[in-house]
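Values quoted throughout were computed directly from the atomic coordinates according to the rules given, and no laboratory measurement underlies them. Treat the numbers as computed from the prediction; the structure is a model and nothing was measured. Here Cβ is always computed from backbone atoms with ideal geometry, including for glycine, and neighbour counts include all displayed protein chains.
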Amino acid sequence: MNIIHVVILAIIEGLTEFLPVSSTGHLVIASSIMGISKDEFVKLFEIVIQLGAILAVVVLYFKRFFRSIDFYVKLVIGVIPAVIFGLLLKKRIDLLLESPLVVAIAFIVGGVILLFVDEWFNKPTIDDEKEINHITALKIGFFQCLAMVPGVSRSAASIVGGMTQKLSRKAAAEFSFFLAVPTMFGATLKDLYDFYKHGNITAADMHHDIKYLLIGSVIAFIVALMAIKSFITFLEQKGFKLFGVYRILAGIVIIVLYYTGNVLHTV
């Protein structure tokens, strides 16, 4: 992995983390195309830079994080399913992260759902996080767990989950952003701990790794700042249909590459 790979992956992460198109899926495919997907550090890098993107939420919604204690209670409740399923299914999840075909199928299935989600849930009654109760937060947390399958999209799963609970598109998207903060923070710390605990890392490797992680996180953070505002505006005006079309087309392209070329045969 070199600095060019770092920049490309970080930009992809910043652009896609909050869009319902799966940042993990895009990172898996991009790293495969660049021929670096077998590198264990790359897998760690793809997790850690997500935290950089997530921190953009804290900056943009800074005041929301000081609204009330109940805000944090909802986030804790919402993240419990991800913690439980993450610990139970970690090995299976790691295997799925190695399959571009899984990503392609998830892209297409998720895309079809996004084509119709605006019509299915078009009568929202909740337009602000303050109106979300603890049971609703837990249900959205279970929906977020679907994103453990690469290509599903954490953003898409939690936003659609929110819309099933009668949240408006904006309220569902914003709660999805908030829920991402503890989810990704926990995942990042766990992966960092596992990587450095079980690896034979020299001081030189450690310095090199930290430099790349910091550069990638900063780039992802800056790009995500711009992407979040644009996404909310677009979502309120246009809805999810265009994202659904994109996901379906992207999934088809990946399948074609997988079966006709050698670029994506092995991750």
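Pull out the extension gain between residue 249 and residue 190, defined as 0.36 nm times the separation in residues minus the alpha carbon to alpha carbon distance; nm, one decimal.
My answer for the length gained is 17.8 nm.
May I ask you to derive the FRET efficiency for residue 40 and residue 63 from their Cβ-Cβ distance with R0 = 35 Å, giving the value to the nearest 0.05?
The formula returns an efficiency of 0.35 here.
Determine the alpha carbon to alpha carbon distance for each of 130/190; 74/123; 130/229; 43/74; 123/241 and list only those over 28 Å.
From 130/190; 74/123; 130/229; 43/74; 123/241, over 28 Å: 130/190; 43/74.
As I understand it, the value is the acute angle between the Cα axis of helix 23-33 and the longest principal axis of the Cα atoms of the chain; what does it come to in degrees, rounded to 10?
Taking Cα atoms only, the helix is inclined about 20 degrees.
Students often check this: by mean Cβ neighbours within 10 Å, which of 241-249, 168-176, 12-20 ranks highest, and how do the rest follow?
Going by the mean number of other Cβ atoms within 10 Å, highest first, we get 12-20, 168-176, 241-249.
Scan around residue 239 for amide H atoms under 5 Å from its own, H built in the peptide plane at 1.01 Å from N, and keep only partners 5 or more places away or cross-chain.
none
Across segment 100-114, in residue order, what do the Karplus-derived ³J(HN,Hα) couplings come to in whole Hz, using 6.51 cos²θ - 1.76 cosθ + 1.60 with θ = phi - 60° and x for Gly and Pro?
After applying 6.51 cos²θ - 1.76 cosθ + 1.60, I find x, 5, 4, 4, 4, 5, 5, 4, 5, 4, x, x, 4, 4, 5 Hz.
Residue by residue through segment 246-255, what is 3J(HN,Hα) from phi via Karplus (6.51 cos²θ - 1.76 cosθ + 1.60, θ = phi - 60°)? Round to whole Hz and write x for glycine and proline.
4, 4, 5, 5, 5, x, 5, 4, 5, 5
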